[in-house]
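Peer 1: The structure follows.
The values are calculated or read from the model by the stated rules, or taken from the named source; none is laboratory data. Please read these numbers as outputs of a predicted model, since none were measured by experiment. Cβ: placed from backbone, ideal geometry, glycine included. Neighbour counts: every protein chain shown.
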Amino acid sequence: MTALPRPALPRPALPRPGLPMTALPILMYHGIPSSPDPVPDPLRVPVDDFRTQIATLAADGWELLGLTEALGAKATDPTRPIVALTFDDGYTDFLNAAVVMAEFGARATLYVPTGTVGTDGYLDWDQLTALAASGVEIGSHSRQHRPMDTLPTDVLVDELVRSRAELSGRLETPVQSFCYPHGYTSRPVRRAVAEAGYRSACVIGRRLARPGDDRYALPRLQPTPGLEPNALRALVTSGEPGLVPVVKRALQPAWRVARRAAVHLGHPLT
């Protein structure tokens with residue numbers, strides 16, 4: 001793969017923990033297929049829809065940055081109109097997104113589970129190296145993409161430490177950000193992420209990241225296929241609508257207990 005042009009703007013340093021930050025929309029993407037799916041999948045935004053979304057945000061005056069760069073920029077100037085772009089899982093169709101982002105001067109953070117690198121449907125190390133050289137921030141999505149909050153402590157630490165070492169060693173770039181597989185986390189997991197050397201981490205959350213949010217549980221918003229421009233504008237200014245995000249957050253502790261029980265019985269839930 002030919003490396004995309006390196007971005008001209010410098011990356012600001014990540015802010016110190018606790019530094020104030022105004023609301024930051026963090027968008028969460030997964031697959032960016034070349035053509036629409038026969039049945040729309042909320043986790044797969046076709047490249048033409050993605051281009052429309054990026055074009056809308058750029059035309060409205062938003063700066064489109066990776067997460068670490070966005071956090072640093074907001075710390076320097078809390079009033080900067082920034083949207084952070086994140087992508088989970090390291091699918092090969094991220095290359096479609098990379099082409100679109102290059103058109104608009106946008107940057108992003110790509111969260112990669114190292115255990116799938118180079119397997120069918122996933123980016124390989126050469127592609128990841130080229131993306132990192134082009135200005136895409138590569139973050140960790142663990143090794144095996146398992147829910148972190150049900151793992152034994154030694155396995156949890158291995159998932160966090162080894163994935164970060166693999167990425168930084170192979171790509172020769174700092175790995176500062178983590179994304180929880182399936183969005184699941186807990187206080188002990190967040191503490192382990194910090195101790196492993198990461199400086200931020202993402203959940204799903206379905207709301208804007210606001211001042212005072214835990215930097216190791218930054219919420220994100222999910223654009224979907226066919227999202228109209230005005231709906232996208234509402235998403236990045238107000239967060240996801242309705243009670244579903246609130247209910248999901250309220251049910252997380254009970255769901256964690258159920259998933260831990262399932263793991264002990266040999267039938268893990270995701």
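Peer 1: If we scan segment 92-99, do we find a residue that is in a strand (DSSP E or B), within 18 Å of the chain's Cα centre (by Cα) and among the hydroxyl-bearing types (Ser, Thr, Tyr)?
Peer 2: Going through segment 92-99, the residues in a strand (DSSP E or B) turn out to be none.
No - not one qualifying residue is present in segment 92-99.
Peer 1: Please verify whether Gly135 is small (Gly, Ala, Ser) and either under 17 Å from His30 (Cα atoms) or modelled with pLDDT under 95 (or both), treating the condition exactly as stated.
Peer 2: Taking the combined requirement at face value, the residue does not satisfy it.
Peer 1: Related question: Would you be able to say whether some residue in segment 140-152 is farther than 19 Å from Tyr29 by Cβ, surrounded by fewer than 23 Cβ atoms within 10 Å (Cβ to Cβ), without any contact (Cβ under 8 Å) to a residue 40 or more places away in the chain and of a type in the set (A, V, I, L, M, F, W, C)?
Peer 2: The answer is yes, given that some residue of segment 140-152 is farther than 19 Å from Tyr29 by Cβ, surrounded by fewer than 23 Cβ atoms within 10 Å (Cβ to Cβ), without any contact (Cβ under 8 Å) to a residue 40 or more places away in the chain and of a type in the set (A, V, I, L, M, F, W, C).
Peer 1: Oh, and also: Arg256 passes all but one of (1) of a type outside the set (Val, Ile, Thr); (2) at pLDDT 60 or above; (3) in contact with an Asp or Glu (Cβ under 8 Å, 6 or more places away or on another chain); which number fails?
Peer 2: Arg256 satisfies every listed condition except (2).
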